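One structure below.
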């Protein structure tokens, strides 16, 4: 049974990594999916080829631009009549930068994308979800929000901030039938992590009880569950998918 049949989902940063795996999973579960990404073209075209009958509503959207986000949401509703699911996955990092060397431009780049983008997208879709009395919002945090890693002040601050926003929104939007949860991935094999030194990867593996790195599909599977009717009484939660890294 397709658990998301008839649903319309928005996945930000959906052209690669965890976002792309999520788009594929949602399509397989029967949802129409809108990919919001700075460059969604190739991913969306490939998905159309591999999912006969499924629809990808791709759009080049900069989540830092509140006006563009609101227009993108209106475009979806004009075409489909609804928005049921939002996965706030779009994110960026500036890599290893000690706190005393973090520039204002670097700080703003991360904060405006990771926190501001989640806020803009949520503000754009919640009115439609509230109107239909059903919605699912997932904020993508990180194991680093709890563990902390030197040299990643901006990234860790935003991922911890998403947890706080999740708690607030769960209370604000719950009366409208909207659940809001955060997912805290551990070390996932994505392009963002591809440049990490082998020593770091070995350290992560040594600390992970399950003895392997995570795959994007591990995260997408959790997203699928949290967006289903089965998870209708779960809200305000922060759910790890990290192989036990910080158990």
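Where a number appears in this text, it was derived from the coordinates with a stated rule and is not lab data. Model, not experiment: these values are computed from the prediction. Cβ coordinates were reconstructed from backbone atoms using ideal geometry, including for glycine residues, and neighbour counts include every protein chain displayed.
At-a-glance table
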quantity	calculated
Ranked packing of 60-67, 141-148, most packed first, by mean Cβ within 10 Å	141-148, 60-67
The stretch 130-170: relative contact order in percent, alpha carbon pairs under 8 Å with at least 6 residues between	41 percent
Mean projected area in nm² (Cα convex hull; one quarter of hull surface) for the stretch 195-247	4.7 nm²
Angle between the chain longest axis and helix 198-207 axis [Cα atoms, degrees, rounded to 10]	80 degrees
Space enclosed by the convex hull of the alpha-carbon atoms of the stretch 114-247, per residue, Å³	110 Å³
The stretch 81-137 - Debye-derived log10 I(q)/I(0), Cα point model, q = 0.13, 0.19, 0.29 Å⁻¹	-0.45, -0.69, -1.11
Calculated diffusion of the chain, Stokes-Einstein form, Kirkwood radius summed over Cα pairs, 20 °C and 1.002 mPa s, µm²/s	118 µm²/s
Estimated [θ] at 222 nm from DSSP helical runs (n ≥ 4, -39500 (n - 2.57)) normalised by residues in the chain, nearest 500	-13500 deg cm²/dmol
